[in-house]
Amino acid sequence: MPSTPAASVLFVCVHNAGRSQMAAGFLQHLAGDRVEVRSAGSVPGDRVNPAAVEAMREVGIDISGRRPKVLTTEAVQASDYVITMGCGDACPVFPGKTYLDWALEDPAGKGVESVRPIRDRIKARVEALIAEIDARREA
């Protein structure tokens with residue numbers, strides 16, 4: 001296991017209560033210490049979406065203890081990958097970062113049945129991201 005992470009990733013959505021929290025949960029679960037994980041929101045909510053917590057619990061990942069955080073310039077500067085999910089132009093741009101925009105439906109106000117497909121799409125994208133990070137490290 002490497003002593004320093006292969007990359008650092010920042011997931012950003014508007015409220016940091018659903019999509020970005022699920023993505024961070026998957027990345028931490030699937031990559032472990034190989035990748036440093038952050039999440040933030042341009043307008044953070046009061047708590048993580050209960051339907052997102054339940055959907056993640058169903059796949060064995062507990063995000064119930066997480067709290068939405070405000071997006072900071074420092075978090076962007078400290079990240080190799082900045083992945084936005086519906087926060088538009090709120091994210092500052094710095095040279096040398098990899099920026100990706102994942103068009104994913106916002107789970108806000110939806111029940112767990114509607115959040116499951118969003119969760120599954122996030123998992124697939126996180127798995128592809130891990131493969132990209134690993135390929136860059138090996139190159």
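Just to verify a result, which residue in the stretch 91-139, among those that are part of a helix (DSSP H, G or I), touching a residue at least 24 places away in the same chain (Cβ under 8 Å) and open to solvent by 50 Å² or more (accessible area, probe 1.4 Å), is nearest to residue 31 (Cα to Cα)? Walk me through it before giving the result.
Of the residues in the stretch 91-139, the ones part of a helix (DSSP H, G or I) are 112-138.
Filter once more, keeping what is touching a residue at least 24 places away in the same chain (Cβ under 8 Å): 112, 114-116, 118-119, 122-123, 125-127, 129-130, 133-134, 136-137.
Those still in the list that are open to solvent by 50 Å² or more (accessible area, probe 1.4 Å) too: 114, 116, 123, 125, 127, 136-137.
On the way: 114: 26, 116: 21, 123: 12, 125: 13, 127: 9, 136: 15, 137: 14 Å.
Going through the qualifying residues, I end up with 127.
Go through the stretch 1-43 and give me each residue that's β-branched (Val, Ile, Thr) and out of contact with any Leu (no Cβ under 8 Å at 6 or more places or on another chain).
Looking only at the stretch 1-43, we keep the residues that are β-branched (Val, Ile, Thr), and these are 4, 9, 12, 14, 35, 37, 43.
4, 14, 43 - these are the residues of the stretch 1-43 that are β-branched (Val, Ile, Thr) and out of contact with any Leu (no Cβ under 8 Å at 6 or more places or on another chain).
Just name the residue that is modelled with the lowest pLDDT out of those in the stretch 33-72 that are of a type in the set (Val, Ile, Thr) and open to solvent by less than 60 Å² (accessible area, probe 1.4 Å). Steps first, answer last, please.
Step one: list which residues in the stretch 33-72 are of a type in the set (Val, Ile, Thr), which gives 35, 37, 43, 48, 53, 59, 61, 63, 70, 72.
Filter again for open to solvent by less than 60 Å² (accessible area, probe 1.4 Å), leaving 35, 37, 48, 53, 61, 63, 72.
Numbers: 35: 95, 37: 97, 48: 97, 53: 98, 61: 98, 63: 97, 72: 92.
If we take residues in the stretch 33-72 being of a type in the set (Val, Ile, Thr) and open to solvent by less than 60 Å² (accessible area, probe 1.4 Å), then 72 is modelled with the lowest pLDDT.
Here is a list of conditions, (1) assigned to a strand (DSSP E or B); (2) of a type in the set (Ser, Thr, Tyr); (3) over 16 Å from residue 18 (Cα atoms), and residue 84 meets all of them except one; can you say which number that is?
It fails just one condition, (3).
Condition first: within 16 Å of residue 15 (Cα to Cα) and hydroxyl-bearing (Ser, Thr, Tyr). Now tell me which residues in the stretch 58-111 satisfy that.
Listed by number, the residues that qualify are 64, 72, 84.
The values are calculated or read from the model by the stated rules, or taken from the named source; none is laboratory data. Predicted, not measured: the structure shown is a model, and the values here were computed from it. Neighbour counts are summed over all protein chains in view; Cβ atoms, including those assigned to glycine, are modelled from backbone coordinates with ideal geometry. Calculation scope for accessible area: heavy atoms of the full protein, side chains included, ligands and nucleic acids excluded. Shrake-Rupley method; radii C 1.70, N 1.55, O 1.52, S 1.80 Å.
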